[in-house]
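The numbers here are math on the coordinates, done by the rules we state, and not lab data. Since we're looking at a predicted model, the values are computed, not measured. Methodologically, a virtual Cβ is constructed for each residue, glycine included, from the backbone with ideal geometry; neighbour enumeration extends over all protein chains shown.
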Amino acid sequence: MSLEARISRLEDIERLRERVVEFFEHCDTGGSTGEAYNPKALASLFLPDGCFESGDLKCVGRPAMEDLFADLAQTFCLHYAGNYVFDVRPGSDTAYGHWSAWETPVLSGKAVWGCFVHRHSYRKRDGQWYWLNWDQTIKFFVPVSDSWEQADRIVEQRLSHGA
């Protein structure tokens with residue numbers, strides 16, 4: 001692989017990592033819009049026919065995602081992501097990624113701990129990376145008053161919307 005191709009691949013990997021951070025900034029602080037869970041800003045990070053899956057919840061297309069994110073705007077959450085691994089093939093407009101996330105939402109007035117594993121696919125359009133598929137699997141999701149060591153009953157289950 002040429003030096004130019006290797007640099008391009010590294011730039012794509014960094015842009016994908018930045019895209020994850022951008023998504024969570026929009027969730028937590030509103031990012032550039034200043035409005036947390038701004039539905040249009042979040043949905044715009046997906047392809048028009050992109051898919052967001054989490055548990056029983058499956059949204060296909062930006063309008064469905066806008067509805068989901070508008071609903072989530074009624075809650076509070078901070079997201080922490082890490083252990084990023086991205087697979088970008090030289091010259092390809094498709095990439096795959098997986099990473100872990102820790103979330104601290106407040107749902108129905110109750111503070112919750114959540115740990116998730118993400119597996120995503122991306123497509124590059126007009127020089128920008130977009131989500132094609134967002135798939136998150138829950139490792140645990142418990143009230144802060146409980147310990148996640150008791151969460152074996154929900155390991156590998158998927159988070160249902162509004163749990």
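General observations
- Among residues other than Ala81 with Cβ under 12 Å from its Cβ, the summed charge is -3 (Lys and Arg +1, Asp and Glu -1).
- Using alpha-carbon coordinates, inclination of helix 62-72 to the longest axis of the chain, degrees: 40 degrees
- On Cα atoms only, tilt of 3-28 relative to the major axis of the chain in degrees: 30 degrees
- Taking 0.36 nm per residue of sequence separation and removing the Cα-Cα distance, the Tyr96/Ser2 pair yields an extension gain of 31.7 nm.
- Average Cα contact separation per residue, the chain, under 8 Å, 6 or more apart, as relative contact order %: 20 percent
- Rounded to the nearest 20 debye, the dipole magnitude of the chain is 300 debye, with +1 charges on Lys and Arg beta carbons, -1 on Asp and Glu beta carbons, and the Cα centre as origin.
- Note on the chain: with a GNM built from Cα contacts shorter than 10 Å, the maximum mean-square fluctuation among Leu16, Leu47, Leu78 falls on Leu78.
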